[in-house]
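One structure is given here, and the rest of the page talks about it.
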Amino acid sequence: MPDKKIRVLVAKPGLDGHDRGAKVIARCFRDAGFEVIYTGCHQTPEQIASAAIQEDVDVVGLSCLSGAHKYLFPQVVKLLQEQGAGDIAVIGGGIIPDKDMQPLYDAGLKAIFTPGAPLDSLVAWVNENIHPRA
Amino acid sequence: MFTEDVLNQSSSLRKKWEDEVKKVVAKSADQKPEWTTVSDLPIKRIYGPEDIKDMDFEKDIAYPGQYPYLRGNQPTGYRGKYWTFRMFSGMGSAAETNERWHYLLKTGQTGLSTAFDFPTLMGYDSDSPKAKGECGKCGVAIDTIDDFQTLVKGIPLDKITTSMTINPPATAIWAMYLASAEIQGVPINKVGGTIQNDMLKEFIAQKTLMCPPDASVKLISDTVEFGTKFVPRWNTISISGYHIREAGATAVQELAFTLRDGMEYVEDVIRRKGLDVDEFAPRLSFFFNAHIDFFEEIAKMRAARRIWAKAMKERYKAKDPRSLWMRFHTQTAGCSLTAQQPYNNVIRTAVEALAGVLGGTQSLHTNSLDEVLCLPSDHAVQIALRTQQIIAEETGVANTIDPLAGSYFIEALTNEMEEKAWEYIHKIDDMGGMVKAIENGFPQLEISDASYRYQKQIDAGEKIMIGINKYITDEEVEIPLIEIDDSVETEQIARLHEVKRKRDNRHVTECLKDLAQACKKGENVMPFCIEAVKAYSTVQEICDVYREVYGEYRDPGIY
Amino acid sequence: MAELGKRAMEGDIRAASRLIRNMEDNLPGTEAEIKDIFPFTGKAHVIGITGSPGAGKSTLTDEMAAAYRKKDKTVGVMAVDPTSPFTGGALLGDRIRMQRHAEDTGVFVRSLATRGAMGGLSKAVGDGIHVLDAMGKDVIIVETVGVGQQEVEIINHAHTVLVVLVPGMGDEVQALKAGLMEIADIFVINKADRDGASKLYQETLNMLQMGKWDDGWIPPIVTVENVADPISFAQSVSDLTDKIDEHYQFLVKSNILAVRKHRKATAEINESLRATILEPILNELTANGELETMIQKIMKRELDPYSLAELVAKKYMAS
């Protein structure tokens, strides 16, 4: 019987090593019944896109606290698109000032979560918006 | 601590009180069944003499400047000198940061503290592909001594002490500081300051990684040895619990892991360098987090002093009282701040700063209200600094030393924190020390569990963060945001290329080769580092030597 | 997406990973893709790695991948982690140790969760190996955790089997003796700079001496030290891959490779029979409620399981 699981890649692009949030989210997604792959810290956008494709995930969750999200997040989206994987949803979290939100959405981010977002709201977003190979 | 009479009295009065409580609670229950600290430590409704009856005044409490230094290292407390008001700062280019430093010194700050950008922190140059998008974002970008001299321009290095938050490339950055001092005409035995230089907490918590644990500890021991011999006013290591706490540890975990890290360094210097413990231990410094749970933090800092004094005396046979002193810097908790209703952060920071002061800190950074959103604005930094000045000069809390000593609650909590910390410390001893424990993933997993538990408690409303899970408002607050322009990156790269074009590349290669040789032979790298930075070697060139010789460490990702 | 298999063979990473996922998810029609690629498989050297949690298998796999890349071989990795029985979710934590290969097109890493279906995992791994094999990977490393039945089944797909031991795991050797003794080709004592390594070595050696090694290959014990020192760790893992290659040469020369291929083919036919015959029947019986009826009959002692199975067999086999 077909058994479609949601697969998620949790990734930390850039050089900041503050992985508390990423790890909490990885565990929370596991508890929500998803299959979660975590890349660890200090990943380049290239490494993240490549991992997302090799793992055939439905969604990539990016966490960045260093302020470099403006370059790093759109770059992941772009690389996925270039490699024929534009259907993989990219969402982001971290210290993202309000005024950066729209440019990030314009660049193809599907959702952005800022500090204080309850874990349930992340899970709910994924369940509502991600449908593996529907 | 108490006579039989007092204990008997207390016991009978306590019985009465308990009966009274039962009656009241039967009519109207408490607001919640369990009352715990932010770290989940259960707290009793009341504490009394029986909670501290086994304490020995001389052995466990005593007076400031007396073993076990529970009440402070200095006999005079803050009357001789307040704690150092040390605000962490750094952003964009070296020139911009230098400007900010001059501003801070003018507003009454008494020490400097440097934040470097991520490429510098990780040992990459601004033109590395890995650095793209990060240059100058969270701190100042430093590639060569050219940048460094701009950074300290007009700062009298013999008068102002500087703290530098730098870890893997600490040898290179410290070398730049020392060389810059020499160029200013200040002999290196006259400069004072601190490099963070604590790699164990990086493996445990913050993940600013370069080489494997053993090689990292070796480089740290090199700096300790070099400082002991040639830069006696420098704190070559700031053993940090701050980041461990920010990664989600409990107060007890912060206390235990930090102190066990400290012991690991002591053991390494003794073993590897053959120094006597009293030669270097007086320069070891610590760095703690002041989180929002007021009494827990005070108890943590008091316990830290007592544990350290005992460990240094009993484990490492230190004789010099200064070796037994735990001197520490404190920073209020970044992770306790909220992006929602950001002005509330001023209040949080004030309470946390007060805990740091009542815990007896030697220096303090107070977070700015906008730090959860961006780099702090001048105005926000000023409020944060004023918070410290108000605590010091208006509130009167600095009038007397360790004012909470003797409180049944504070002493009992201090004892409990110490006891629980020793349990962790002994567990890590049994694993063969902190490096081994890190290889086993032990502290990482403990912290990961604690942070997940806390997040679940927040989501369930069992722990409260105002603005996050209680008293939520929709109002939009306009906070002026500081932003680092992308031109910082292009200009910094241009500067770097200019330096590389002008320098004597053959000389650079020789210096780096000498450094590699020193690494391979196990010699102290500091003299070679100083030569290398004087020749305009870059931070990355020096770190690449380490990565080449010792190998590059990758985070095993325990969670 | 049609012709995933064909595209995977042409080097389309997306197609390959999607194909593996379709197999994992048991999507209808995926078998047809395997049929397409099957003729092009059978070339890769498949290495299985097993051992208890915490034995350092992912770090070892990562370094082996690096060592094979130095030997100019392309590498495929399938890393299996357990599904949480409570939530159905999984933290697939092996990739984190292998991310340095992410940008190397010569390495393909895929994480799999056990999901807990009967025999399903082993089939998914077997199919995954076919995909990686058809993609032209020279070496395929399958990493799995534990010593249970599922793991032994997975290991049947491998030509060379590594059993990873670490000092300080207590009675582990005894447990392994029962479980994996017969299928181990190489024992690896990882983290051999820890206390208890020489004791572990001796125990493993004693155990080996009790075994019978009819085919002429006595499993060597390879020690790997200094996980924390990247340079010497790389060297000892490179030596390990030499030993693995030696085993493969032995298989080829002694013609035991044929025996291994037989073992692999046996596992494959078992799994495909189960998938194509048993599972559809079970699914139908579950869907139409007959399975429950049969269970009730057994519980009430109206009929025995064998008679019921015969009835089912008659119904489905007749056609």
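Any read-out appearing in this document is the output of simple, stated calculations on the displayed coordinates, not a laboratory observation. Small disclaimer: the values here were computed from a predicted structure and weren't measured. A quick note on method: Cβ atoms are made from the backbone with ideal geometry, for glycine too, and the neighbour counts reach across all protein chains shown.
Here the simple spin-label model places points 7 Å from the Cα toward Cβ, and for C:E284 and B:K513 these points are separated by 7.9 nm. Close amide H contacts of B:I239 (hydrogens built in the peptide plane, cut-off under 5 Å, sequence separation of 5 or more or a different chain): B:S285, B:F286, B:F287. Using the Cβ-Cβ distance between B:D449 and C:Q296 with R0 = 45 Å, the FRET efficiency computed as 1/(1 + (r/R0)^6) comes to roughly 0.50.
Label separation (C:E10 vs C:L303): 5.2 nm, computed from points 7 Å beyond Cα along the C-beta direction.
Taking every residue in B:132-144 and counting other chain Cβ atoms within 10 Å of its Cβ, the average works out to 4. If you take the square roots of the eigenvalues of the alpha-carbon gyration tensor of chain A and sort them as a ≥ b ≥ c, do you get rounded (a/c under 1.5), prolate (a/b over b/c) or oblate? Since a/c stays below 1.5, the shape of chain A is classed as rounded. Taking a straight Cα-Cα cut-off under 26 Å and skipping sequence neighbours fewer than 8 places away in the same chain, the lysines within cross-link reach of C:K123 are A:K4, A:K5, C:K6, C:K35, C:K43, C:K57, C:K73, C:K137, C:K177, C:K261, C:K264. Here is the list for the range C:60-149: chymotrypsin sites (Phe, Trp or Tyr not before Pro) lying in DSSP coil, each with at most 13 other C-beta atoms within 10 angstrom of its C-beta, are C:F86. Averaged over the residues of peptide A:46-54, the number of Cβ atoms from other protein chains lying within 10 Å of each residue's Cβ is 6.
Bridges between two residues of chain B, per DSSP, are antiparallel at a rate of about 5%. A Gaussian network model of chain C, with springs between Cα atoms under 10 Å, assigns the largest mean-square fluctuation among C:S254, C:S272, C:S52 to C:S254.
Listed by chain and number, the lysines placed with their C-alpha closer than 25 angstrom to that of C:K297 are C:K314, C:K315; residues fewer than eight positions away on the same chain are left out.
If the segment from B:M55 to B:I390 were pulled out straight at 0.36 nm per residue, it would be longer than the present Cα-Cα gap by 117.1 nm.
Between the exposed loop cleavage positions of chain C, defined as trypsin sites (Lys or Arg not before Pro) in a non-H, G, I, E, B DSSP state with at most 15 neighbouring beta-carbon atoms within 10 angstrom, the longest gap is C:72-211.
Loop-located chymotrypsin sites (Phe, Trp or Tyr not before Pro) across the range B:217-264 with a Cβ neighbour count of 14 or fewer within 10 Å are lacking, with loop assigned by DSSP.
Roughly speaking, what is the centre-to-centre gap between the range B:167-182 and the range B:53-73 when only Cα atoms are used, to the nearest Å? For the range B:167-182 versus the range B:53-73, the Cα centre distance is 39 Å. Taking amide H positions as modeled 1.01 Å from N, with prolines and chain starts lacking one, the residues under 5 Å from C:V46 and 5 or more places away or on another chain are C:I140, C:H159, C:T160.
Look at where the Cα atoms of the range B:369-443 and of the range A:117-134 average out, and the two centres are 38 Å apart.
If you model the protein assembly as shown as an ellipsoid using its alpha carbon gyration tensor, with each semi-axis the square root of five times an eigenvalue, the axes come out at 52, 35, 30 Å, biggest first. Projecting label points 7 angstrom from Cα along Cα→Cβ for B:T76 and C:D214 puts them 8.9 nm apart.
Positive end of the dipole of the protein assembly as shown, charges at C-beta (+1 Lys, Arg; -1 Asp, Glu), about the Cα centre: which of C:V80, B:P64, B:S113 has its Cα farthest in that direction? About the Cα centre, the residue reaching furthest to the positive side is B:P64.
Rounded, prolate or oblate: which fits the range B:457-517 when a ≥ b ≥ c are the square roots of the eigenvalues of the alpha-carbon gyration tensor, with rounded for a/c under 1.5 and prolate only if a/b beats b/c? Oblate, because a/c is 1.5 or more while a/b does not exceed b/c.
Using θ = phi - 60° in the Karplus curve 6.51 cos²θ - 1.76 cosθ + 1.60, the 3J(HN,Hα) couplings for the range C:159-165 round to 8, 10, 10, 9, 10, 9, 10 Hz; x is entered for Gly and Pro. Counting only Cβ charges, +1 for Lys and Arg and -1 for Asp and Glu, the dipole size of the protein assembly as shown around its Cα centre is about 960 debye. Bridging of B:K23 to lysines at a Cα separation below 19 Å is possible for B:K15, B:K32, B:K44, once same-chain residues fewer than 8 apart are set aside. How high is the FRET efficiency between B:E483 and A:Q81 when r is their beta carbon distance and R₀ equals 22 Å, given to the nearest 0.05? With R0 = 22 Å, the Cβ-Cβ based efficiency is 0.20. Checking the cross-link pairs B:K190/B:K310; A:K12/A:K78; B:K229/B:K502 against a 25 Å limit on the alpha carbon distance flags B:K190/B:K310; B:K229/B:K502 as lying beyond it.
Loop-located trypsin sites (Lys or Arg not before Pro) across the range A:19-78 with a Cβ neighbour count of 10 or fewer within 10 Å are lacking, with loop assigned by DSSP. With the charge dipole of chain B set up from +1 on Lys and Arg Cβ and -1 on Asp and Glu Cβ about the Cα centre, the Cα lying farthest toward the positive end among the listed residues B:C138, B:I425, B:I188 is that of B:I188. For the range C:272-317, a crude dipole built from +1 on the beta carbon of Lys and Arg and -1 on the beta carbon of Asp and Glu, taken about the Cα centre, is about 100 debye to the nearest 20.
For the range B:489-504, 3J(HN,Hα) computed residue by residue from phi via the Karplus equation (6.51, -1.76, 1.60; θ = phi - 60°) reads 5, 4, 5, 5, 5, 4, 4, 4, 5, 5, 4, 5, 5, 7, 6, 8 Hz, glycine and proline entered as x. FRET efficiency for the B:S407 to B:D459 pair, using the beta carbon distance and R₀ = 51 Å, is estimated at 0.90. Averaged over the residues of peptide C:194-200, the number of Cβ atoms from other protein chains lying within 10 Å of each residue's Cβ is 1.
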